[in-house]
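A short write-up of the structure that comes next.
Taken together, the values in this text are just the output of simple stated rules run on the coordinates, not laboratory data. Everything numeric in this text was worked out from a predicted model, so none of it was measured. With ideal geometry, Cβ positions are generated from the backbone for all residues, glycine too; neighbour counts draw on all protein chains shown.
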Amino acid sequence: MLQKIYDWIDDRIDITPIWRDIADHEVPEHVNPAHHFSAFVYCFGGLTFFVVVIQILSGMFLTMYYVPDIENAWQSVYYLQTEVAHGQIVRGMHHWGASVVIVMLLLHTLRVFFQGAYKKPRELNWVVGVLIFFVMLGLGFTGYLLPWDNKAYFATQVGLEIAEQVPFIGMQLKTLLAGDATIVGAQTLTRFFAIHVFFLPAALFALLAVHFILIRRQGISGPL
Amino acid sequence: MSDEKQQVSRRQFLNYTLTGVGGFMAAGLLISPIRMAVDPVLKDSSAGDLANVGLAVEDITSEPQRIDWSVNQVDGWYESEVNRSAWVYRNDDDEIVAFSPICKHLGCVVSWEGSEQHPNEYFCPCHDGRYYKDGTNVPGTPPLAPLDEYEQEVRDGMLFLGDARPRGEA
Ligand code: HEM
Ligand code: FES
């Protein structure tokens, strides 16, 4: 049945070359843990992506209940966590995943660093990777405010004051982030929400696309 | 290895394993989010309590009158007072009847004698839906069912109303 549907479509628009080009490529022996167990270090990049997928999926579902409004944000998180079946698990996925993704990213970066995989011709992809790291930190920072509890509020307060330390434009930068020069409140929450679920994920997708296209172009580095 | 014993090829085996493992991971990832998303469908709705609508039974006449009251509504994490209204009258059998004003066509609000051309009927302005005094929809007008009736009770001479139900289920 599935084969028939596939053939019907393929017959008309010839999709086989598309997915073959994406999926069908050889994995070099030196990155395959089945050959050398120590090659597991090559998995960290893929694991980072896997956790990003978890973040995106769980985040999309959390947004079904979450409201970015100072009157209701905490209530809605409390509701989804205590009254909605599996809400606690989905929030847990997003909460813990946010930390695990940074750990994975760090391990991946360490592998690339200590193997010297960032060297010519792959300098550009190192730069893209660093940008991904910043976007990820941004997601962590903006997401942290969303539950609108005390921890969230003061973490953001501190984060904004750090931004304020930037020479010359510090004040403006802080106001731009917080939506107000002095208050961490209604406008901060909506801003952080928009940045967390629209702007940074969009940037993340674009950077990941470039990251992966470059990997396919240049191949995986090594063996050492 | 003999050829005849080889029913599953290496490629097939890998395909099955990968599909299995991939499916397992996808299921593990998606099961909780999906359960959470469908939760509103699986939650049993709490039937509302009867509320005093502020109308003394002795004031109910054979002429439908509109009454408004408010009930406490719990909507997820949000609690509020919401307005309800009903058309209440005493029918020929001396029974109290309380109709929901929600049109059974597409949900607009009907009024008793809401149109001058149709006296002695409920009228819905959205698509000219009409109902007789006993709530039955006038054939040939858009509504396909009679007006819903509120669950009701009389306590200490006052009218109490609950949820609106389709006729015959109240
Ligand atoms: C790498 C990607 C992401 C990271 C690192 C991340 C990080 C975070 C963090 C740290 C929190 C606070 C959680 C808590 O304190 O319990 C959070 C909350 C939230 N995130 Fe994300 N997030 C990511 C992607 C997304 C995406 C793509 C969406 C939506 C499309 C999303 C929607 C939300 C929502 C609605 C909340 C508030 C609910 C809650 O606090 O549990 N996130 N995120
Ligand atoms: S909604 Fe009342 S007639 Fe259409």
Scanning the stretch B:101-111 for residues that are in contact (Cβ under 8 Å) with a residue 40 or more places away in the chain and either near ligand 2 (Cβ under 6 Å from one of its atoms) or surrounded by fewer than 19 Cβ atoms within 10 Å (Cβ to Cβ) (or both) gives B:Ile102, B:Cys103, B:Ser111
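Considering A:Ala209, A:Ala202, A:Ala181, A:Ala155, which residue is within 12 Å of ligand 1 (Cβ to nearest atom) and surrounded by fewer than 12 Cβ atoms within 10 Å (Cβ to Cβ)?
Of the residues listed, the single one that is within 12 Å of ligand 1 (Cβ to nearest atom) and surrounded by fewer than 12 Cβ atoms within 10 Å (Cβ to Cβ) is A:Ala202.
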